[in-house]
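K.L.:
The structure under discussion is supplied below as C-alpha cells; questions concerning it will follow.
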Amino acid sequence: MRFPAGAACVCRARTEMAGPGHRAAGKPLLMKIVMAGEACVGKTSIVRGYVEPGPPGRAACYISTVGIDFKVKNITCNDTTVKLQIWDTAGQEQFHTLCTSYFRGAHGFVLVYDITNSDSFQGITNWIKDIHEKADDEVDIILLGNKCDKEVERVIPKHRGEKNSSALCDLDVVDLNESKKKKMWC
Ligand SMILES: Nc1nc2c(ncn2[C@@H]2O[C@H](COP(=O)(O)OP(=O)(O)OP(=O)(O)O)[C@@H](O)[C@H]2O)c(=O)[nH]1
C-alpha cells in the first residue's frame with residue numbers, strides 16, 4: 001500500500017495478505033482494511049489521497065467522520081488483482097463502539113497518529129487493545145505517523161514511533177497465544 005507524501009510509515013504491510021482461500025474463481029482477492037486512530041489525525045485525508053484520482057489534497061476545513069465511511073480501490077499486487085475495501089472509522093469517542101464492531105473480518109489495520117499530537121500517539125495502545133479484542137486471530141497492522149509536513153510542530157520523534165512498533169511486537173509475543181496471534185511488521 002502506498003501512502004501520500006508527508007506520511008511517515010514506520011511499519012510495512014505484508015505483501016501476501018490473504019491466501020487463495022479468500023478468492024472465488026475469476027474474482028479479485030478481497031481485502032478488508034480498517035483505518036483507525038484518534039480524531040483529527042488525518043485518516044480520511046489519507047484514504048482520499050489514496051483512493052481518489054488527481055493530486056493528493058486535504059480538505060480546507062476539518063469535517064469529522066460520522067460513524068464509518070467506506071471506499072473501494074482495485075490494485076494489482078504480484079500479478080494478482082486485489083480489491084481493497086477500506087473502512088474509514090471515526091476517531092471520536094462517541095462512535096467507538098460502532099467503529100470497533102467493524103474490526104471483525106479485517107485483514108489489516110492502518111493505525112494513524114498525528115506527529116504533532118502526543119495524545120494521538122498515546123491513544124495507539126488502546127487501539128491495539130481493541131484490535132486484540134475485536135479483530136480476527138491474524139491481522140496485519142501498519143503504524144503510521146501523519147502530518148509530517150508540520151515538522152516544526154513535531155512532538156513525536158520518528159524513533160518513538162519505531163520504538164512503539166517494536167514494543168508492540170514484543171507485546172504480541174508476550175500476551176498472545178498461538179491461536180490469537182497478531183503480527184506487527186516493522
Ligand atoms: N498539515 C496537515 N494536515 C493534515 C494532514 N492530513 C490531514 N490533515 C488535516 O487534519 C484535519 C483532520 O483530517 P481528517 O482526515 O478529517 O482526520 P480524521 O482522522 O479522519 O478525523 P475523524 O474523522 O474525526 O476521525 C483536516 O483539517 C485535514 O486537512 C497532513 O498530512 N498534514
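The values are calculated or read from the model by the stated rules, or taken from the named source; none is laboratory data. The structure presented is a predicted model; accordingly, all values stated were derived computationally and were not measured. Cβ atoms come from the backbone with ideal geometry, glycine included; neighbour counts cover every protein chain shown.
K.L.:
I'd like to verify a number: residues in region 19-37 that are at pLDDT 70 or above and not hydrophobic (A, V, I, L, M, F, W, C), how many?
P.N.:
Residues meeting the conditions: 4.
K.L.:
All but one of (1) out of contact with any Gly (no Cβ under 8 Å at 6 or more places or on another chain); (2) over 22 Å from D136 (Cβ atoms) hold for I68, so report the exception by its number.
P.N.:
With (1) out of contact with any Gly (no Cβ under 8 Å at 6 or more places or on another chain); (2) over 22 Å from D136 (Cβ atoms) applied to I68, the lone miss is (2).
K.L.:
If you don't mind, another one. Considering only region 98-121, state which residues are of a type in the set (S, T, Y), within 29 Å of V82 (Cα to Cα) and part of a helix (DSSP H, G or I).
P.N.:
T100
K.L.:
Of the residues C40, C61, which single one is at pLDDT 80 or above and either in a loop (DSSP other than H, G, I, E, B) or more than 12 Å from the chain's Cα centre (by Cα) (or both)?
P.N.:
The match here is C40.
K.L.:
Is it fair to say V51 is at pLDDT below 95 and under 20 Å from N146 (Cα atoms)?
P.N.:
When the stated conditions are applied, V51 passes them.
K.L.:
In addition: Suppose we keep only residues that are small (G, A, S) and surrounded by fewer than 22 Cβ atoms within 10 Å (Cβ to Cβ) within region 109-128. Which one would you say is farthest from V47 (Cα to Cα)?
P.N.:
Checking each candidate, the answer is S118.
K.L.:
Checking the conditions here, which among I124, I128, I142 is part of a strand (DSSP E or B) and modelled with pLDDT under 95?
P.N.:
Of I124, I128, I142, the one residue that is part of a strand (DSSP E or B) and modelled with pLDDT under 95 is I142.
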